[in-house]
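Working notes, beginning with the structure itself.
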């Protein structure tokens, strides 16, 4: 057979597979293989693992690509990945076990277990319940205080974080608005320890992972005994995807530290689709149907704009799960992300369908494209090529963000090259303090302004004069895409008395919550 004939046959095969993907039918194994391969290439993801659970059976479970661009070892169905905020469902399930056992109630006051718990308002501190810890309606802003554990390198303990909650400013009234939160899940993990005498890590492993047969999964990276099949985190650095440092998230374990693989996450999903039951013939129970209904019932309402591609009319957050309607069915889902790894879990209980996607690159649209395409097949939806659609949207978003950041650096370079920069760096040097993040030193090193956070070793970098009293700090860790404005206020003598910060790029991860900081010169 000629090479031309082979190419023609290959092309026809691809066309047939694409037709299967875009038609209203369940995707077969070959179609999912192609979908994953296209998504990996479109979004430049080194490794992806996918699981599909239907009618109580795992109908697809594969890892594709490599688990590390350093070793080029293959990713497979047993490769461990940090699931990020999909950990939150493990925390709420652990609490649900305690509810079933009568040891806690969802509406118990947090102070019954953690007397020192204090937030911005005395009334809210007294009224705050375990349910409130889990539903992102606290009144704190999006990602407030995340810099106490993000990026890795901070020295904050869980006790520090619980104490510092009192210093985080109120962004909305209590129980009135959804703003995604991580710190209160750390508090929820502490409730488990106070109620049981076991750490969150021990409880999750002993009461959830081991019973479900998730024997390779661990509550944190440092508890993994065999690291031989664990993925490395990856991100784009200076236009090229590469391995970046790992954030073990130890202090924030209950919010996002679980490591698992597609084989064992499929068991996790099977348990939920079996209404809390597992084991041979579903003879064992992890959580009651009552608790499951609690986890999957709307607690905090989210706004919905247009119905969108799935004719969605409601959106809400339950207890560790996002809730909505797709094509007339209830969908239960969550995403997760830490530096270098992002994941998604999706369930449509009425179809007895679960989809899990684990990736080792900071590119969430990759898992969305895979999940949506598989979901479309089961919903009978035609016509959307999610890889093409979302990769186009991604390019547009990146281009828009690049326009903003390029404009900032063009101005900085213009000032530097003109030689007319009249900023006296000595007016800005000194020690500054934020009430919850602690001290920052602004100094001059080799004639350049420099930013150093005492309690977060990764927050260090050169500061470039921008406009007026505003600088831009570029972090020394080039894998940390979070350049930030540093806007100084001056006293009557023209000397800096404090500063505020905010991200430069609109695509900066919300956990870089620079906008929540307010530094004052230390006396």
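Each value in this text was obtained by applying a stated rule to the coordinates, not by laboratory testing. All figures in this text were calculated on a predicted structure; none of them were measured in a lab. Virtual Cβ from ideal backbone geometry, glycine too; neighbours counted across all protein chains shown.
A few notes on this one:
- By the Kirkwood approach, averaging reciprocal distances over each pair of separate Cα atoms, the range 453-509 gets a hydrodynamic radius of 12.2 Å.
- Comparing Cα centroids, the range 242-307 and the range 121-140 end up 22 angstrom apart.
- For 129, 371, order by how many other beta-carbon atoms lie within 10 Å, fewest first: 129, 371
- Simple label model, 7 Å out from Cα along Cβ direction - residue 400 to residue 314, nm: 3.0 nm
- A Förster radius of 45 Å, combined with the Cβ-Cβ distance separating residue 159 from residue 384, puts the computed FRET efficiency at roughly 0.40.
- Computed over the range 145-202, the range of Cα coordinates on each principal axis works out to 34, 28, 17 Å, biggest value leading.
- Stretching the chain fully between residue 171 and residue 329 yields a gain of 53.5 nm (0.36 nm per residue, less the alpha carbon separation).
- Gain in span if fully extended, residue 467 to residue 29, counting 0.36 nm per residue against the direct Cα distance: 152.1 nm
- Volume of the Cα convex hull of the range 327-387, divided per residue and given in Å³: 65 Å³
- Value of relative contact order over the chain, rounded to a whole percent, pairs C-alpha under 8 Å and six or more apart: 18 percent
- Computed per residue of the chain from DSSP H runs no shorter than four, each worth -39500 (n - 2.57), the mean residue ellipticity at 222 nm is -9500 deg cm²/dmol.
- Residues 132, 385, 477, arranged from fewest to most other Cβ atoms within 10 angstrom of their Cβ, appear as 385, 477, 132.
- Extension reserve of the residue 414-residue 222 stretch, reckoned as 0.36 nm per residue once the Cα distance is removed: 64.5 nm
- Prolate/oblate/rounded call for the range 247-398, Cα gyration tensor, a/c under 1.5 rounded: oblate
- Spin-label pair residue 302/residue 439, simplified geometry with 7 Å Cα→Cβ offset, distance in nm: 4.1 nm
- FRET efficiency for the pair residue 121 and residue 78, taken as 1/(1 + (r/R0)^6) with r the Cβ-Cβ distance and R0 = 60 Å, rounds to 0.80.
- R0 of 41 Å, Cβ-Cβ distance residue 41-residue 288: FRET efficiency to nearest 0.05: 0.40
- Semi-axes of the equivalent ellipsoid for the chain, computed as √(5λ) from the eigenvalues of its C-alpha gyration tensor and ordered from largest down, come to 40, 32, 20 Å.
- Ordering 163, 136, 234 by the number of other Cβ atoms within 10 Å of each residue's own Cβ, fewest first, gives 163, 136, 234.
- For the range 311-466, the equivalent ellipsoid built from the Cα gyration tensor has semi-axes of 46, 21, 12 Å, listed from largest to smallest.
- The fraction of all Cα pairs in the range 397-521 landing in successive 5 Å bins from 0 to the largest distance is 2, 11, 20, 26, 20, 13, 6, 1, 0, given as whole percents.
- Gyration tensor analysis over the Cα atoms of the range 27-158 returns equivalent ellipsoid semi-axes of 40, 21, 13 Å (largest first, whole Å).
- Cα shape, the range 154-264, gyration tensor, a/c 1.5 rule: oblate
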